[in-house]
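First up is the structure itself, then whatever we jot down about it.
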Amino acid sequence: MKDAQLVLKSHEKHQTIVKTSTSQIGAKELFIAAGPCAVESREQLDVTATALKKAPVQALRGCIFKPRTSPYSFQGLAEGGVAVLQQIKQAHNIPVITEVMSSEQIALVRDTTDILQIGSRNMQNFELLKAVGACHQPVILKRGLAATIEEFVLAAEYIAAHGNPNIILCERGIRSFDTFTRNVLDLGAVVALKQLTHLPVIVDPSHAAGKRELIADLSRAAVACGADGLLIECHPNPEQSVSDARQALSLDAMVELVHALRPIARAVGRRIVEHDMASTGNVLSIERQLLHAEAHAVRGR
Ligand code: PEP
Ligand code: MN
């Protein structure tokens, strides 16, 4: 592995554990992150967070800046989505993950977001890698659509070399001649990256498969071969999803999937941790509580 230094394993037990307020990614516990491809509204993310906390998942994904193949497709709520992420994170006490494509976007979300995501199309955007290297929060680095394992490792090395050791590698499928699945999930890369690097490695079966009916089995395979976690797309109304509808799981299917992963997790010495994220319920119930508290204060005056 030419030139990689900081991210390579120095001995068999060498393992980075990336911490969020609720998780230790790379440790025994599985890190399951789920949520919509794109944040569409506060209500959509609120309903999603309510369902997923019970699953439980350890973080909520939701992108407000969307890299879309066509310039005419929905590009995300952009700046308008920052407040939505902030509200849902606070209301549900759940870490949030969102994608950034530029330094300006990092500046907009860095106070709100627990984990920054670098998407597949930006895996070799070296200026962006340097910019997230200058941040302190964890970064999910997704494998490029056609990146070799060496290029992937060197992209992670950029982030580490610029000062941020909190890197989570994400295998999300690579392009092949076969279009039946959107991409080909490279579980061989997951095993290789676990052996080569000390970084946590997670799997995104959603963008790999592109079809919701393939996701549960691929998730089980990923956990069985040693992945430290999963990143999965789900939506309250999958068919209505504004992006990646075909691969979105329903919220019920997502909860069911977390349950179905438990025996596999146990078999490979992992566990799925229940949160200690005392939730105050959904955003609306928080607003009701605030109103109630205000009314109480007024009466008490
Ligand atoms: C996403 O996570 O929604 C996404 C765009 O993924 P990728 O960069 O892997 O295509
Ligand atoms: Mn997507």
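The values are calculated or read from the model by the stated rules, or taken from the named source; none is laboratory data. Computed from a prediction, not measured in an experiment: that's the story for all the values here. No Cβ is skipped: glycine too gets one built from the backbone with ideal geometry, and neighbour counts run over all protein chains shown. Accessible surface areas use protein heavy atoms only, side chains included; no ligands, DNA or RNA. Shrake-Rupley method; radii C 1.70, N 1.55, O 1.52, S 1.80 Å.
Things to note:
- Test: residue in region 173-186 that is closer than 24 Å to Ile215 by Cβ, acidic (Asp, Glu) and in a strand (DSSP E or B): no
- Of the residues making up region 64-119, just one is among the aliphatic types (A, V, I, L, M), open to solvent by 10 Å² or more (accessible area, probe 1.4 Å) and in contact with a Ser or Thr (Cβ under 7 Å, 6 or more places away or on another chain), namely Val82.
- Scanning region 212-255 for residues that are of a type in the set (Ser, Thr, Tyr) and more than 14 Å from ligand 2 (Cβ to nearest atom) gives Ser219, Ser250.
- Among the residues making up region 101-139, a single one is within 16 Å of ligand 2 (Cβ to nearest atom), among the aliphatic types (A, V, I, L, M) and over 15 Å from Ile167 (Cβ atoms): Met101.
- Residue check: Arg220 meets all listed conditions (1) within 12 Å of ligand 1 (Cβ to nearest atom); (2) basic (Lys, Arg); (3) farther than 30 Å from Leu77 by Cβ but one, namely (1).
- Scanning region 26-54 for residues that are in a loop (DSSP other than H, G, I, E, B) and surrounded by fewer than 20 Cβ atoms within 10 Å (Cβ to Cβ) yields Ala27, Lys28, Ser41.
- Residue pairs meeting the criteria (Cβ under 7 Å; at least 6 apart or on separate chains; first among the small types (Gly, Ala, Ser), in region 138-154; second outside any helix (DSSP H, G or I)): Gly144/Met123; Gly144/Gln124; Ala146/Ile174; Ala146/Arg175; Ala147/Met123
- Answer from Ile202, Ile232, Ile215 - the residue that is on the phi < 0 side of the Ramachandran plot, at pLDDT 95 or above and assigned to a helix (DSSP H, G or I): Ile215
- Answer from Ala160, Ala208, Ala146 - the residue that is touching a helix residue (DSSP H, G or I) at 6+ places or on another chain (Cβ under 8 Å) and open to solvent by 10 Å² or more (accessible area, probe 1.4 Å): Ala160
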